[in-house]
Amino acid sequence: MGDFLRKNSKRVYNIYTDASFDRNVKRSCIAFIIKDEENKILKQQSKNIRSKAIGESEKKAIFYAIASAYEYIRKDKNIEVVIHSDCQGIVNELIHIHKKLKDNPKESPCSEREFKSTLAKLAKIVDNIRFQWIPREENEEAHMLAQQSYRQWLKSANIHNIREFMVKDLDYTLAKWNDLLNLECLGLSEITKDIRGIIKKIEVGNIKSSSL
């Protein structure tokens, strides 16, 4: 009887997700940490992405976590995954999507094409996964991973990729562009010098986005 219970009881893995977001360049770093039933870290991952807002970033972090959860559950149906986020609105949205998939797996509960393949995976593991909101202080590890990864990206950034992000958002207004000059306080003086030159040329009408 004891062996039967052990074989049929699910092992709970916890995935903690978070995202950092820099509105100046609409750049974000998403992160997640996977822990097994003994609270041992199995995997931690971060990824720098373009994003329009922090909510979008938080959602992408969760969808990346779902894709990883799928791989664990696909190999072992006795694993149950709980995905945690400190963004309550996004967690509520995922709980709603989860319920819709459980009620009708063939009907897509989300119109966003970007998440189509991940939702297909979620539909296959819907009985082995759930979503839970946690307060920020309980999500410190994922929070720090996202923050540190973004800082590392910023340190390695050069004027070419900073320009690339700026070009795609010329409608973001020059006023907000000037916020980028705060990079100088991070020791990136060469980048800020170049940005000042770009802004000056745009202000006098001597440059187009295609020439940046």
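Could you list all residues from region 38-75 that are in contact (Cβ under 8 Å) with a residue 40 or more places away in the chain and more than 20 Å from the chain's Cα centre (by Cα)?
Passing the criteria: Ile73, Arg74.
Can you tell me which of (1) buried (at least 21 other Cβ atoms within 10 Å of the Cβ); (2) closer than 22 Å to Gln132 by Cβ is the one Cys29 doesn't meet?
All conditions pass for Cys29, except number (2).
Specify which of the listed residues (Asn24, Asn92) is among the polar types (S, T, N, Q), over 20 Å from Arg136 (Cβ atoms) and assigned by TED's automatic domain parsing to the domain that holds His143.
Details: Asn92 fails: over 20 Å from Arg136 (Cβ atoms).
Selected residue: Asn24, the only one of Asn24, Asn92 that is among the polar types (S, T, N, Q), over 20 Å from Arg136 (Cβ atoms) and assigned by TED's automatic domain parsing to the domain that holds His143.
Of the residues that make up region 86-97, is at least one over 16 Å from Thr17 (Cα atoms) and more than 16 Å from the chain's Cα centre (by Cα)?
yes
Pick from Tyr13, Tyr70: which is modelled with pLDDT of 95 or more, closer than 15 Å to Asn128 by Cβ and either of a type in the set (D, E, K, R) or part of a helix (DSSP H, G or I) (or both)?
On the way: Tyr13 fails: either of a type in the set (D, E, K, R) or part of a helix (DSSP H, G or I) (or both).
So the residue among Tyr13, Tyr70 that is modelled with pLDDT of 95 or more, closer than 15 Å to Asn128 by Cβ and either of a type in the set (D, E, K, R) or part of a helix (DSSP H, G or I) (or both) is Tyr70.
The values are calculated or read from the model by the stated rules, or taken from the named source; none is laboratory data. Just so it is clear, the model here is predicted, and its values are computed rather than measured. Note that we place each Cβ from the backbone using ideal geometry, even for glycine, and neighbour counts take in every protein chain shown.
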